[in-house]
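Read the structure below first, then the notes.
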Ligand code: MG
């Protein structure tokens with residue numbers, strides 16, 4: 001199932017998106033998409049609604065340095081354990097919403113990533129049972145101000161600016177996350193082209209690691225790390241991240257004035 005959140009002529013709603021192309025429709029879900037969602041019976045043509053960030057997260061937990069080739073390009077060492085950090089939920093935006101470049105940074109990078117969306121409250125989840133707590137998967141861009149990252153020594157400012165966590169276009173609930181192509185394009189030029197089979201820490205291992213530290217709530221998002229090929233985005237460009245089996249998340253880039 002493709003789960004999304006839309007602004008419709010009748011208000012904001014969680015939806016199931018069914019069909020493709022001109023036939024695609026957004027079917028309204030009553031209340032929330034967790035558990036066994038029920039439907040109101042109302043639906044809209046997908047073309048008549050605006051896709052929003054597909055979930056409201058209490059937190060966005062991110063894994064750093066989780067593809068060897070990206071660790072190498074950053075000049076670091078491959079960590080034995082997952083390195084985690086948090087992006088504030090206020091950094092989340094949906095598809096098509098401009099990434100706002102802060103005036104304080106001269107070096108903002110895209111980072112295309114597979115994102116896990118948690119489906120139920122959980123703590124201390126063993127890897128063998130980790131997929132049971134997953135609602136589904138979406139596409140993320142872990143936008144990062146490299147100059148802030150270098151200067152601060154920790155990553156809260158670099159990763160936490162408003163609009164620095166585009167998510168979408170929807171959540172795919174029936175997906176094996178272990179072998180998905182992941183590609184990032186800037187104005188149509190391919191910059192990152194990898195596969196989740198190259199994750200150093202797999203999706204189940206990540207959920208075990210993070211849930212051993214903190215309680216995860218329905219809607220929480222875990223970014224699994226970016227492959228090699230990170231680079232700058234500037235005013236006027238459009239950055240698109242595609243994950244196989246999910247779809248493409250595109251956002252324009254705008255300098256804050
Ligand atoms: Mg990242």
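The values are calculated or read from the model by the stated rules, or taken from the named source; none is laboratory data. Please read all numbers here as calculations on a predicted model, not as lab measurements. When we count neighbours, we look across all protein chains shown, and the Cβ atoms used for this are built from the backbone with ideal geometry, even at glycine.
Taken across region 53-61, residues that are at positive phi, under 20 Å from the mean Cα position of the chain (by Cα) and within 16 Å of the ligand (Cβ to nearest atom) do not occur at all.
Taking residue 79 as the residue in question, decide whether it is within 16 Å of the ligand (Cβ to nearest atom) and within 30 Å of residue 193 (Cβ to Cβ). Against the criterion (within 16 Å of the ligand (Cβ to nearest atom) and within 30 Å of residue 193 (Cβ to Cβ)), residue 79 qualifies. Can you find even one residue in region 186-202 that is within 16 Å of the ligand (Cβ to nearest atom) and assigned to a helix (DSSP H, G or I)? Among the residues of region 186-202, at least one is within 16 Å of the ligand (Cβ to nearest atom) and assigned to a helix (DSSP H, G or I), which makes the answer yes.
The residue that is nearest to residue 55 (Cα to Cα), counting only those in region 139-153 that are over 20 Å from the mean Cα position of the chain (by Cα) and touching a residue at least 24 places away in the same chain (Cβ under 8 Å), is 148.
Scan region 1-34 residue by residue and report those that are more than 20 Å from residue 251 (Cβ to Cβ), crowded, with 20+ Cβ neighbours inside 10 Å and touching a helix residue (DSSP H, G or I) at 6+ places or on another chain (Cβ under 8 Å). The one that is more than 20 Å from residue 251 (Cβ to Cβ), crowded, with 20+ Cβ neighbours inside 10 Å and touching a helix residue (DSSP H, G or I) at 6+ places or on another chain (Cβ under 8 Å): 26. Cβ-Cβ contacts under 6 Å between residues 6 or more apart (or on different chains), taken from a first residue in region 121-138 that is farther than 23 Å from residue 168 by Cβ to a second residue that is part of a strand (DSSP E or B), are listed as 122/216. What about residue 37, is it within 28 Å of residue 198 (Cα to Cα), away from the ligand (no atom under 15 Å from the Cβ) and either buried (at least 20 other Cβ atoms within 10 Å of the Cβ) or modelled with pLDDT under 95 (or both)? Against the criterion (within 28 Å of residue 198 (Cα to Cα), away from the ligand (no atom under 15 Å from the Cβ) and either buried (at least 20 other Cβ atoms within 10 Å of the Cβ) or modelled with pLDDT under 95 (or both)), residue 37 does not qualify.
Return yes or no: is residue 236 under 16 Å from the mean Cα position of the chain (by Cα), under 17 Å from residue 100 (Cα atoms) and either surrounded by fewer than 21 Cβ atoms within 10 Å (Cβ to Cβ) or at pLDDT below 95 (or both)? It is false that residue 236 is under 16 Å from the mean Cα position of the chain (by Cα), under 17 Å from residue 100 (Cα atoms) and either surrounded by fewer than 21 Cβ atoms within 10 Å (Cβ to Cβ) or at pLDDT below 95 (or both). Here is the figure for region 47-97: residues that are in a strand (DSSP E or B) and over 18 Å from residue 160 (Cβ atoms) total 4.
Selection of region 158-180 for residues being part of a strand (DSSP E or B) and out of contact with any helix residue (DSSP H, G or I) (no Cβ under 8 Å at 6 or more places or on another chain) yields 166, 167, 168, 169, 170, 171, 172. Does region 154-177 include one or more residues that are away from the ligand (no atom under 16 Å from the Cβ) and modelled with pLDDT under 95? No, because not a single residue in region 154-177 is away from the ligand (no atom under 16 Å from the Cβ) and modelled with pLDDT under 95.
Taken across region 208-219, residues that are within 15 Å of the ligand (Cβ to nearest atom) and touching a helix residue (DSSP H, G or I) at 6+ places or on another chain (Cβ under 8 Å) do not occur at all. Scanning region 100-142 for residues that are assigned to a loop (DSSP other than H, G, I, E, B), within 12 Å of the ligand (Cβ to nearest atom) and touching a helix residue (DSSP H, G or I) at 6+ places or on another chain (Cβ under 8 Å) turns up just one, 142.
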